[in-house]
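One structure is given here, and the rest of the page talks about it.
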Amino acid sequence: MNALVFGANGTPGGAIVNLMKATGSKVITASRDSSKTDVQMENFGEQLKKFESKFDACVWAQGMNTSDTLTNSEDFQKVFDANVGFIIETLKILLNNNLLSKNARLVVVSSIWQEASKTNKFSYTVSKSAVKGLVNSFVADYSPHGLSMNAVLPGVVDTPMTRANLSQAQITNIEKETPMKTLVTSEDVARAVNWLASPESSGINGQFIRVDNGWSQIRAI
């Protein structure tokens, strides 16, 4: 399987690349920084053509997070462009250059916050909600051409960034509220993405798979 992965420099993205390679996929990584990935965004379509093969799977694991409210959302456009606009623009390039195989499977790493809200996450929540509309619209328009798109919705992932941004008390509270009493890992996210990107998930289309050990749905009262 030939796969294209955006956001490979991040912790979840790196885990996705590693698992895809371990399970036999040929993975091409894309980034604005050519020193860290196979291709960069400048002349993106032309760079991809040099690999002389179409992609059977494409994963978007890039993005931007910030804390804000509506009245202090100075970075809203940056966040929206990173989380939504980037996917739209790269999809246009892939489609216009005929770089996707006939039955390509596309996967977006979104967030459980596309389905819910929390305080001080205005720009992030709005952008992730827009990802849901993007996936649904793509499925409506391009499924007749054999293409599928699904999204993985991680909860609070146990990464160095999470532990840097949340206090131990906050992490402990999330663990207590989670039925399995533990945070999910980047490898958990990667396994869901790898399955959705593979032919083994044939028949799954337009779905939003939560990877959070049940945290966002189950509450003990």
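Answer yes or no: is there a residue in segment 48-56 that is surrounded by fewer than 16 Cβ atoms within 10 Å (Cβ to Cβ), farther than 27 Å from Gly146 by Cα and out of contact with any helix residue (DSSP H, G or I) (no Cβ under 7 Å at 6 or more places or on another chain).
No: zero hits.
Report whether or not Val126 is under 30 Å from Ile174 (Cβ atoms) and open to solvent by less than 10 Å² (accessible area, probe 1.4 Å).
Considered against the rule, which asks whether it is under 30 Å from Ile174 (Cβ atoms) and open to solvent by less than 10 Å² (accessible area, probe 1.4 Å), Val126 comes out as no.
Return the pair list, or none, for Cβ contacts closer than 8 Å from residues in segment 1-18 that are in a strand (DSSP E or B) to residues that are surrounded by fewer than 18 Cβ atoms within 10 Å (Cβ to Cβ) and among the hydroxyl-bearing types (Ser, Thr, Tyr), at least 6 apart or on different chains.
Qualifying pairs under 8 Å: Asn2/Ser53; Asn2/Ser101.
Specify which of the listed residues (Leu147, Leu153, Leu134) is of a type in the set (A, V, I, L, M), within 18 Å of the chain's Cα centre (by Cα) and under 18 Å from Pro12 (Cβ atoms).
Only one candidate passes the filter, namely Leu153.
Can you find a residue in segment 38-45 that is touching a residue at least 24 places away in the same chain (Cβ under 8 Å), part of a helix (DSSP H, G or I) and over 21 Å from Pro199 (Cα atoms)?
The answer is yes, given that some residue of segment 38-45 is touching a residue at least 24 places away in the same chain (Cβ under 8 Å), part of a helix (DSSP H, G or I) and over 21 Å from Pro199 (Cα atoms).
Against the conditions (1) modelled with pLDDT under 95; (2) open to solvent by less than 30 Å² (accessible area, probe 1.4 Å); (3) assigned to a loop (DSSP other than H, G, I, E, B), where does Arg219 fall short? Just the number, please.
It is condition (2) that Arg219 fails.
Of all residues being part of a loop (DSSP other than H, G, I, E, B) and among the hydrophobic types (A, V, I, L, M, F, W, C) in segment 46-94, which is farthest from Phe122 (Cα to Cα)? Just the residue, please.
Result: Phe51.
Quick one: would you say Ser137 is touching a Lys or Arg at 6+ places or on another chain (Cβ under 8 Å) and either surrounded by 12 or more Cβ atoms within 10 Å (Cβ to Cβ) or not β-branched (Val, Ile, Thr) (or both)? Outline the logic, then answer.
On the way: touching a Lys or Arg at 6+ places or on another chain (Cβ under 8 Å): no; either surrounded by 12 or more Cβ atoms within 10 Å (Cβ to Cβ) or not β-branched (Val, Ile, Thr) (or both): yes.
Answer is no for this residue.
Taking segment 165-174, which residues are open to solvent by less than 80 Å² (accessible area, probe 1.4 Å) and within 23 Å of the chain's Cα centre (by Cα)?
Selection gives Leu166, Ile171, Ile174.
Tell me which residues, restricted to segment 95-118, are crowded, with 19+ Cβ neighbours inside 10 Å, in contact (Cβ under 8 Å) with a residue 40 or more places away in the chain and either in a helix (DSSP H, G or I) or acidic (Asp, Glu) (or both).
Of everything in segment 95-118, those that are crowded, with 19+ Cβ neighbours inside 10 Å, in contact (Cβ under 8 Å) with a residue 40 or more places away in the chain and either in a helix (DSSP H, G or I) or acidic (Asp, Glu) (or both) turn out to be Ile112, Gln114.
Among (1) farther than 23 Å from Phe76 by Cα; (2) surrounded by 14 or more Cβ atoms within 10 Å (Cβ to Cβ), which single condition is Pro199 missing?
Every listed condition holds for Pro199 apart from (2).
Restricting attention to segment 16-28, does a residue exist that is closer than 30 Å to Asn120 by Cβ and open to solvent by 60 Å² or more (accessible area, probe 1.4 Å)?
No, segment 16-28 contains no residue that is closer than 30 Å to Asn120 by Cβ and open to solvent by 60 Å² or more (accessible area, probe 1.4 Å).
If you go through segment 37-47, how many residues are open to solvent by 20 Å² or more (accessible area, probe 1.4 Å) and either within 19 Å of the chain's Cα centre (by Cα) or among the hydrophobic types (A, V, I, L, M, F, W, C) (or both)?
Going through segment 37-47 one residue at a time, the tally reaches 3.
The values are calculated or read from the model by the stated rules, or taken from the named source; none is laboratory data. It should be emphasised that the depicted structure is a prediction, and the values quoted were computed from it without experimental measurement. Methodologically, a virtual Cβ is constructed for each residue, glycine included, from the backbone with ideal geometry; neighbour enumeration extends over all protein chains shown. What goes into the accessible areas is simple: the full protein's heavy atoms, side chains included, and nothing from ligands, DNA or RNA. Shrake-Rupley method; radii C 1.70, N 1.55, O 1.52, S 1.80 Å.
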